[in-house]
Every structure is written in structure tokens, then in C-alpha cells.
Amino acid sequence: MSIRMKAVAFYLRARYKPRLATAERARALIDAPKGDPSPPARLTGRHRVNRRTDAGFDCYTVTARTGPTPPKAVIYLHGGAYINEITKRHWRFVSRLADAGLRVEVPLYGLAPRYSHREAFPFVTAVYRDLLETYDPQAVSLAGDSAGGGLALAVTQTLIASGLPRPGRLILISPWLDLTLSNPAIAAVEPHDPWLTGSGLIEAGRAWADGTDPADPRLSPVNGDLTRLPPVDIHTGTHDILHPDAVRLRDRAPDTAEVTLHTVPGAFHVHVLAPVPEARHATRQITRTLRNT
């Protein structure tokens, strides 16, 4: 673990962990006004960015400003516990994907408490269908971090169940795979996580579930059908409260599934998006994998 990783972890523990430390604080955050999800000027100046409305929500297409039409596309679903908007660190990751020659679709799905999974699934499915008008399914991947990682897996499961062709690959960054956080191994990790707490996450998960059983596979896709998935890459760290469920996903997958778990000892939640050396290595792995899918 790099010195930079340790420093960022210290900052997260002091600055952000208190925000979700209790159910009461989580409820206040859920009800707070949402941030501005617009792409930052740095992104729009560097890349070609187009916005459209699909299923009533905004979706951004981000590509390199020059060069040929991207041969591969990826749908990127941002994290934020289903209650927070996309942030600059997410957009920076999108920029790196576009720099690698990919077409990046960024669906800004509705957030709790105003929206729930009921609106997100048809929206992301519509974005996927749109891409299939231009790309072979094998040239389209789904990716996401944290809540977005859980949503990416759950949507992929429903795409396959509905008879649509499966995407080429799944990239899951510190995915939230079980809203209930019922895995007994989580208790040993939680004190080491500098960012997240179980009580706050569970409250955010209830808001996203909106009356549906949080263990339902659409909300907790680790409980869903793992038999027909495309190749899956999971990037996680051992100081992430969600790490045990990433291990559980790998272990639950049948032998016929290709699930690769990339684990960084001591890394915190979504370290791939943080300003740390380990993130640069992971991003290179991810872009190389997506280009070669």
C-alpha cells in the first residue's frame, strides 16, 4: 500500500466517514439537495460530449475529439450509494476511458428518494438497446463503481433473462452487490474501512429499494443468476466494507463463468477513482481489457 493511499485513507476517515456513520445521518443525506451532475469544463474541452434524453433521463456520450469512430463502447454507471450524483472523480475516470479510444455512455439514472430501481432498469436497458443499433453486443461492455457496479451487474442479469444478447464484458469497481450487507465477513472489515459504515449504507439501500425486498436480485445481484454472465473483472481492496461480497460473487460463480477478482491489500472503497498510484495501474488494466474485449 502506497504512502499516498494511506494519506487519502486518513483524509476520508476524517472528512467523509461521519456522513454515513448512523442511519439518522444517512437519512439527512438522502433528503439533501442533489449536486450538479453536469460534465466539468475540463471534460467538455478535452472530449466530444453529446447529451440526449432517454426514457426521461439524461445520458451523455463521451468520445475523443479527434480520430476514428470508436470500435468499442462502454456504459458507465456512477456510484454514490444511489443517493448522490456523479462527481468530478467519476468524470475524470470517464475521460480516461475516452482517451483510450472508447465510446463512453454515461446514463444519469434517477436517485433516491425521488427515484428508485424501478426507473433505472428501463433507462439503462434503453441505452444498451440504442448501442446495439451501432455495435455488435460483444463490442459493448457495462462498467460501474460502488452502487453503479451493483446496478451494472443487476441490469446485465435482466438483459440476459429477457433474451437480449449479453454484453461483451462487465467491469465492477468496488461493487455494492448486496444491499442487506448480511455477509458475516463484513463485520471484520468495517473498522478498517476509512469511508463507509454498514448502518448508513443499509439506510440508503432501503431508500433505493423503495418497498422491494432489499435481498431481491435486482437490488442485490450477488443473489441472482450467475450462470450466463459475460467475463467479469472486479477491482476491490481489502479495506473496503464491500470487499467480502466481491469475494462472495467470485466464489458463487459457476466454474463455467469467467470472474476475475483484482484485490489490492489495504485499498479502500473505489480506490480506482482516487489520486493514488494503485489507481493508475488499475485504470491501465481496465482500459486494456475493454479495448481487447
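Rounded to whole Å and ordered largest first, report the semi-axes of the equivalent ellipsoid of segment 1-66 derived from its Cα gyration tensor (root of 5λ).
32, 22, 9
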Dimensions of segment 226-283 along principal axes (Cα, Å, largest first)?
35, 21, 13
Taking amide hydrogens as modeled 1.01 Å from N in the peptide plane, which residues meet the under 5 Å criterion relative to LEU77, leaving out close sequence neighbours?
ALA143, GLY144, ASP145
Sum of -39500 (n - 2.57) over DSSP H runs of 4+, divided by residues of the chain (222 nm, nearest 500)
-12000 deg cm²/dmol
The orientation-averaged projected area of the Cα convex hull of segment 1-155, in nm², is 10.6 nm²
For the chain, averaging the sequence separation of alpha carbon pairs under 8 Å that lie six or more residues apart and dividing by its residue count, the contact order in percent is 21 percent
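Would you mind classifying segment 67-170 by shape? Square roots of the alpha carbon gyration tensor eigenvalues, ordered a ≥ b ≥ c; an a/c under 1.5 is rounded, otherwise it is prolate if a/b is larger than b/c and oblate if not. Please report the intermediate quantities before stating the final value.
Details: a/c = 2.09, a/b = 1.15, b/c = 1.81.
The shape class here is oblate.
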Residue-count net charge about GLN285 - beta-carbon cut-off 13 Å; Lys, Arg +1, Asp, Glu -1:
+4
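Counting only other residues whose beta carbon sits under 11 Å from that of THR180, what net charge do I get with K and R as +1, D and E as -1?
Local charge sum for THR180: -3.
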Among THR125, THR212, THR66: highest mean-square fluctuation, GNM of the chain, C-alpha pairs under 10 Å
THR66
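If you roll a 1.4 Å probe over the heavy atoms of the protein chains, what accessible area per residue do you get for segment 58-214, in Å²?
The answer is 33 Å² per residue.
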Diffusion constant of segment 160-280 at 25 °C, which comes from Stokes-Einstein with the Kirkwood Cα-pair radius and 0.890 mPa s, µm²/s:
162 µm²/s
Just ALA152, ALA246, ALA139 to compare: in a GNM of the chain, with alpha carbon springs under 10 Å, which one fluctuates most?
ALA139
Which far-off residues, 5 or more places away or on another chain, put their amide H under 5 Å from the one on GLY237, with H placed in the peptide plane?
VAL264
Count the lysine pairs in the chain whose Cα atoms lie under 27 Å apart, taking only pairs 8 or more positions apart in sequence or on different chains.
6
Here the tail fraction of P(r) beyond 25 Å, over all Cα-Cα pairs of the chain, rounds in percent to 42 percent
Total formal charge among the other residues, if their Cβ is under 13 angstrom from that of LEU153, Lys/Arg +1 and Asp/Glu -1
+2
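The values are calculated or read from the model by the stated rules, or taken from the named source; none is laboratory data. Here the structure is a predicted model, which is why all the values come from computation and not from measurement. Don't worry about glycine lacking a Cβ; one is built from the backbone with ideal geometry, like all the others, and counts go over all protein chains shown. These accessible areas exclude ligands, DNA and RNA; they are computed on the full protein's heavy atoms, side chains included. Shrake-Rupley method; radii C 1.70, N 1.55, O 1.52, S 1.80 Å.
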